[in-house]
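Enquirer: Please find one structure pasted underneath; my questions will follow.
The values are calculated or read from the model by the stated rules, or taken from the named source; none is laboratory data. In this text the structure is predicted, and so the values were computed from the model without any measurement. Here Cβ is always computed from backbone atoms with ideal geometry, including for glycine, and neighbour counts include all displayed protein chains.
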Amino acid sequence: MPAQSRRVSTRRRRFGRRVLERVAPAAGLLVLAVLGPHAARASEQPLWEFGLGAGALVFNDYRGADTTHAYPVPVPYFVYRGKFLKSDRDGLRGKLFHHDWIELSLSVNATTPVRNDSARAGMPDLRSTVEIGPSVTAHLWRSADSRAKLDLRLPARAAFTVETHSHGIGWFYAPHLALDLAQYAAPTGWKVGLLAGPLFAERRYDDYFYSVAPQYATLTRPAYAAPGGYAGTQALVSLTRRFPDHWVGAYLRHDSLGGAAFADSPLVRRDSYWSVGLAFVWMIGRSQRMVESDD
């Protein structure tokens, strides 16, 4: 292959990798935020169904950044309502860990890469990260018809960078209360989800995002070592509706870094901000077998 063709091919691969690094985590964030858990009356629904759609996500590059990006993202939709294993808006869980008042599920989150951020000028770029870990949910209250419920969720996620040689950057904790409401027209009515709670992170996690090593210190950006601990609060409201052939959803989230352990970091430019996401999914296929579900 001629040298010029090799250079063009290499540039294309690098461009494709950069697009994937940004779009994949953004798509994951949109799915996780918009496809949040919602209560509904138990009814006969397909054992499984899947769809594919598109959405848009607008958020700060990292918590505390003053740079914002908008991402058009693909939105996958898959639900499995098995007897012993379920994969739905509550995550992946097995009946072994699911009881009337408590259950164990999987919690997943992601962040996008950060490049050309003014606060980090001259510092290494931040890679995308993926967070995964267990989440214990305690069902504190639910209405007789299951159209409203209040849960206490305790997710604990280990974070890893997304790169060739991935490495762990510590644990992130996001305990919160979640109130889920559904209209009488469920499962085709509007569903509202509300959640709020404090955030906590290990020192290594905060170090990745907010520390400034001495060699990167400047007159306006002093060296800083993030301590870990309290990481502010987060509140989210989501609105979704399932139609026979499609699904729509949106969310609005507010982050506050007031009182966070890393609030004095020179990389924190905003201590309060909003993010938003929208999604539309077309249903592609579903099982002929029907099962009872309160999804």
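Enquirer: Would you check if VAL276 is under 30 Å from VAL79 (Cα atoms) and either in contact (Cβ under 8 Å) with a residue 24 or more places away in the chain or hydrophobic (A, V, I, L, M, F, W, C) (or both)?
Expert: Taking the combined requirement at face value, the residue satisfies it.
Enquirer: Right, next: Select, from LEU181, LEU152, the only residue that is modelled with pLDDT of 95 or more and under 30 Å from VAL248 (Cβ atoms).
Expert: None of the other options fit; the residue is LEU152.
Enquirer: A further question follows. Out of region 69-106, which residues are in a strand (DSSP E or B), among the aliphatic types (A, V, I, L, M) and at pLDDT below 75?
Expert: Matches in region 69-106: LEU85, LEU92.
Enquirer: Now a separate question. Checking ARG286 against (1) more than 21 Å from the chain's Cα centre (by Cα); (2) without any contact (Cβ under 8 Å) to a residue 60 or more places away in the chain, only one condition comes out false. Which one?
Expert: (2)
Enquirer: Still on this structure: What number of residues within region 114-133 satisfy the criterion of being modelled with pLDDT of 90 or more, in contact with a strand residue (DSSP E or B) (Cβ under 9 Å, 6 or more places away or on another chain) and not basic (Lys, Arg)?
Expert: Summing the residues that are modelled with pLDDT of 90 or more, in contact with a strand residue (DSSP E or B) (Cβ under 9 Å, 6 or more places away or on another chain) and not basic (Lys, Arg) in region 114-133 gives 10.
Enquirer: Quick check, is THR161 polar (S, T, N, Q) and touching a Lys or Arg at 6+ places or on another chain (Cβ under 8 Å)? Break it down stepwise before answering.
Expert: Numbers: polar (S, T, N, Q): yes; touching a Lys or Arg at 6+ places or on another chain (Cβ under 8 Å): yes.
Spelling it out, THR161 is indeed polar (S, T, N, Q) and touching a Lys or Arg at 6+ places or on another chain (Cβ under 8 Å).
Enquirer: Considering region 116-154 alone, what residues qualify as being touching a residue at least 60 places away in the same chain (Cβ under 8 Å), under 23 Å from TYR208 (Cβ atoms) and part of a strand (DSSP E or B)?
Expert: LEU126, THR129, VAL130
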